[in-house]
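Data first, discussion second: the structure below is written as structure tokens.
The values are calculated or read from the model by the stated rules, or taken from the named source; none is laboratory data. The shown structure was predicted, so the numbers you read here are calculated from the model rather than taken from an experiment. All Cβ positions, glycine included, derive from the backbone under ideal geometry; neighbour counts span all protein chains shown. Keep in mind that these areas ignore ligands, DNA and RNA; they rest on the heavy atoms of the full protein, side chains included. Shrake-Rupley method; radii C 1.70, N 1.55, O 1.52, S 1.80 Å.
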Amino acid sequence: MKDTEIINFYNNLDQYAKDKIDRQLIDLTNAKKESRNYCIKVCPKCDAVNPRFTKGGNANSGKPMLKCSCCHKRFTYDNGQLTHYSHQDESKWDQLIVDTFSQVPVEKSAANMNISTYTVWRMRMKLLHMLEKMIADTVVSGEIELDEKYVLNSHKGEKIDNLKPRKRGGSASKRGLSNEQICLPTAVQRNGTAVLKATNTAAPTSGDLMKLSSSIGENSMAWIDGKVAYNRLLSTKHCEIRVMKDHTTYTSLDHLNNVNAFHRLIEKWYKGYNGVASKYINRYAALFTLAREYTGCDTQEILLSIKKRMHQITDFFRIADMKKDDLFIYSIS
């Protein structure tokens, strides 16, 4: 559509429609600006809170640097962001975010960005780690639904002595719940956010579920499927518990439809990846949680929102750390 056509359409609208378009344009413009602004609240050199920063020249890479008024040390403006310690420019990282939320395979992203597959994989791990940190303090409250999702353990991309590899789409060697199943306890706030985190293998104990304690709000109304392991967690939070034995007891108020829908989304994404290495499962759990949050959004809208939220935090995660730090540890048998 040409600019003149857009102007003509706009001029023919009534005032209410014009005002609505004006507000949307202002919101989109502000979102674009906020996605480019970094919010540095703590000096990465001396940990001073809200110090005054001045221009500090440029680094050898050409990136602008800031100087702290407290310690007088310099650092690049993107310190602790995705582009920090990266040879890839911001446009490549933007493309990676869009591809990740569009479920584009690593190989295709590498071809589109003209960089190696391994580099794209490392970039994705860095992005997922930052997403995990970004939603680490999420709390669900009010009306919440709790259930568990189980996925088969996987050592995808890694050879382990005396352990026969499992074909993609294979099944567990043991029937029912066993240590071959990774447990992902899930808490979904109705009309709100969600919490998803791997805590153990096989069925969870009350101690395993207590790892979600910081993510559950006080005095909430909780719907569960009858697993008694939740009682300790919910009683600690003074939550009212409603037990749903099966779908025949569902009503318009009492149900687990939201958490079940989230689990179906996880199954869809997990199948698209042909499984993920279990040691990285919590990084992907953060991606699944945000994929649910941004359901129905345009990819560019997701990009602007993710960048805005990431610029509020810092995450110093090097290539040397991604295969050994912040992993889900489980026994392999």
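A few points about this structure:
- When the trypsin sites (Lys or Arg not before Pro) in region 44-145 are filtered for DSSP coil states and for at most 14 other beta-carbon atoms within 10 Å of their beta-carbon, the remaining sites are 52, 73.
- In this structure, the pairs whose alpha-carbon distance is over 28 Å, taken from 197/307; 197/268; 149/279; 167/197; 164/268; 20/126, are 20/126.
- GNM on the chain, alpha-carbon springs under 10 angstrom: the most fluctuating residue among 206, 214, 61 is 61.
- Rounded to whole numbers, the Karplus 3J(HN,Hα) couplings from phi for region 57-73 are x, 10, 7, 4, 6, x, 6, x, 10, 10, 10, 7, 6, 8, 9, 6, 9 Hz, using 6.51 cos²θ - 1.76 cosθ + 1.60 with θ = phi - 60°, and x at Gly and Pro.
- Sequence-ordered 3J(HN,Hα) estimates for region 288-301 from the Karplus curve with 6.51, -1.76 and 1.60 and θ = phi - 60° stand at 4, 5, 6, 4, 5, 4, 9, 4, x, 8, 5, 4, 5, 5 Hz, glycine and proline given as x.
- Overall size of the chain from C-alpha positions, given as principal axis extents largest first: 60, 60, 44 Å.
- Accessible surface of the chain [probe 1.4 Å, protein heavy atoms]: carbon and sulfur percent: 50
- For the options 285, 203, 59, a Gaussian network treatment of the chain with springs between C-alpha atoms closer than 10 Å singles out 59 as fluctuating the most.
- Derived scalar couplings between HN and Hα for region 174-182 equal 10, 7, x, 7, 8, 6, 7, 9, 8 Hz in order, rounded to whole Hz, by the Karplus curve 6.51 cos²θ - 1.76 cosθ + 1.60 (θ = phi - 60°), x for Gly and Pro.
- Listed residues 315, 225, 137, most fluctuating in the chain (Gaussian network, C-alpha, under 10 Å): 137
- Hits among aspartates and glutamates - C-alpha to C-alpha of residue 324 under 14 Å, sequence gap 8 or more where chains match: 158
- Accessible surface area normalised per residue over region 20-153 is 55 Å², counting heavy atoms of protein chains with a 1.4 Å rolling probe.
- Straight Cα distances below 20 angstrom link residue 308 to the aspartates and glutamates 27, 34, 78, 89, 90, 94, 99, 132, 137, 293, 298, with same-chain residues fewer than 8 positions distant left out.
- When nucleic acids and ligands are ignored and a 1.4 Å probe is applied, residue 242 ends up with an accessible area of around 70 Å².
- Taking amide H as placed 1.01 Å from N in the peptide plane, the amide H of residue 147 sits under 5 Å from that of 186, each at least 5 places away or on another chain.
- Taking Lys and Arg as +1 and Asp and Glu as -1, the other residues whose beta-carbon sits under 13 Å from that of residue 98 total -1.
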